[in-house]
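Down below is the structure, laid out as structure tokens.
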């Protein structure tokens, strides 16, 4: 299925709508992660509404691209985007983290059609991608595998084992996106466990590396287009994002990594998102 292309203005407005959905979901659930999902809204909007080959009516379509979410705690952004894309009714978003819900706090592959992997423990998404990529090569399948990863999870050794394997076997149908928001649950990444020079690290493992503004939808689309043109190497897109994007009191604050807004904070956050921080939001703004 080819995506019905939307204008950049429409995609930006859609990403903001998704941020509003995330705030409502988290407030209603009373638990969950705020900063990462808000920061990833532009990337997920670009993926589901421009980049991915997928069909919400046929989530198991054999020719679909694969999207893996490695940092599973950020799944509210995936649920909100999937609902907007037509995988399920948006009213179900309010079941986030409820007992028996399909929308668990970390994605469970068998609960919701359209989820490609279960991700609770961090650091597993890239290994899962490598296994899928090798299987596709054996079956002579030509599909893209996109992996969204956190930067904090790159403290995990199995990320680098997978990076080494992908480089060795030239798994060029893998395009990974690191959400480089510089925070993790215990503080700034460069305080907890420094990652820089992150680009040089991935290059040393045999990856083609691109660096972009992850909150620029056009840049995300362009980077994935460039990534698909790379042969003989897996691709890593280091996407610099603002944690808590769009909500002034959440932005850059690692304390919002793993907590939801209360009612008063949600009201304030929604006001900021609706007015773009005090500016009047228009159809093409």
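Numerical summary
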item: Residue match in the range 6-18 (condition: over 26 Å from residue 131 (Cα atoms) and not in a helix (DSSP H, G or I)); result: yes
item: Hits in the range 56-109 - residues which are touching a residue at least 40 places away in the same chain (Cβ under 8 Å), over 18 Å from the mean Cα position of the chain (by Cα) and crowded, with 17+ Cβ neighbours inside 10 Å; result: 97
item: Condition check for residue 166: crowded, with 23+ Cβ neighbours inside 10 Å, in contact with a strand residue (DSSP E or B) (Cβ under 7 Å, 6 or more places away or on another chain), in contact (Cβ under 8 Å) with a residue 12 or more places away in the chain and not in a strand (DSSP E or B); result: yes
item: Conditions (1) under 22 Å from residue 219 (Cα atoms); (2) in contact (Cβ under 8 Å) with a residue 12 or more places away in the chain: number failed by residue 10; result: (2)
item: Condition broken by residue 132, with the remaining ones in (1) crowded, with 17+ Cβ neighbours inside 10 Å; (2) more than 18 Å from residue 63 (Cα to Cα) satisfied; result: (2)
item: Residues located in the range 208-221, provided they are in contact with a helix residue (DSSP H, G or I) (Cβ under 6 Å, 6 or more places away or on another chain) and part of a loop (DSSP other than H, G, I, E, B); result: 214, 215
item: Qualifying residue in the range 66-73 (condition: farther than 18 Å from residue 146 by Cβ, in a helix (DSSP H, G or I) and modelled with pLDDT of 95 or more); result: yes
item: Selection count where residues are in contact (Cβ under 8 Å) with a residue 40 or more places away in the chain and under 24 Å from residue 34 (Cβ atoms), scope the range 117-154; result: 17
item: Conditions (1) over 11 Å from the mean Cα position of the chain (by Cα); (2) part of a helix (DSSP H, G or I); (3) surrounded by fewer than 24 Cβ atoms within 10 Å (Cβ to Cβ): number failed by residue 26; result: (3)
item: Qualifying residue in the range 136-146 (condition: under 25 Å from residue 55 (Cα atoms), in a helix (DSSP H, G or I) and within 17 Å of the chain's Cα centre (by Cα)); result: no
item: Residue match in the range 87-97 (condition: under 24 Å from residue 178 (Cβ atoms) and modelled with pLDDT of 95 or more); result: no
item: Where residue 56 falls short, out of the listed (1) in contact with a helix residue (DSSP H, G or I) (Cβ under 6 Å, 6 or more places away or on another chain); (2) part of a loop (DSSP other than H, G, I, E, B); (3) closer than 18 Å to residue 119 by Cβ; result: (3)
item: Residues that are under 30 Å from residue 272 (Cα atoms) and either more than 17 Å from the chain's Cα centre (by Cα) or surrounded by fewer than 16 Cβ atoms within 10 Å (Cβ to Cβ) (or both), drawn from the range 202-221; result: 213, 218
item: Yes/no for residue 112 being under 18 Å from the mean Cα position of the chain (by Cα), assigned to a loop (DSSP other than H, G, I, E, B), in contact (Cβ under 8 Å) with a residue 12 or more places away in the chain and under 28 Å from residue 270 (Cα atoms); result: yes
item: Tally of residues being buried (at least 21 other Cβ atoms within 10 Å of the Cβ) and part of a helix (DSSP H, G or I) across the range 222-271; result: 6
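The values are calculated or read from the model by the stated rules, or taken from the named source; none is laboratory data. Because the structure is a prediction, the values reported are computed rather than measured. Because the Cβ atoms are built from the backbone with ideal geometry, glycine has one as well, and the counts that use them run over all protein chains shown.
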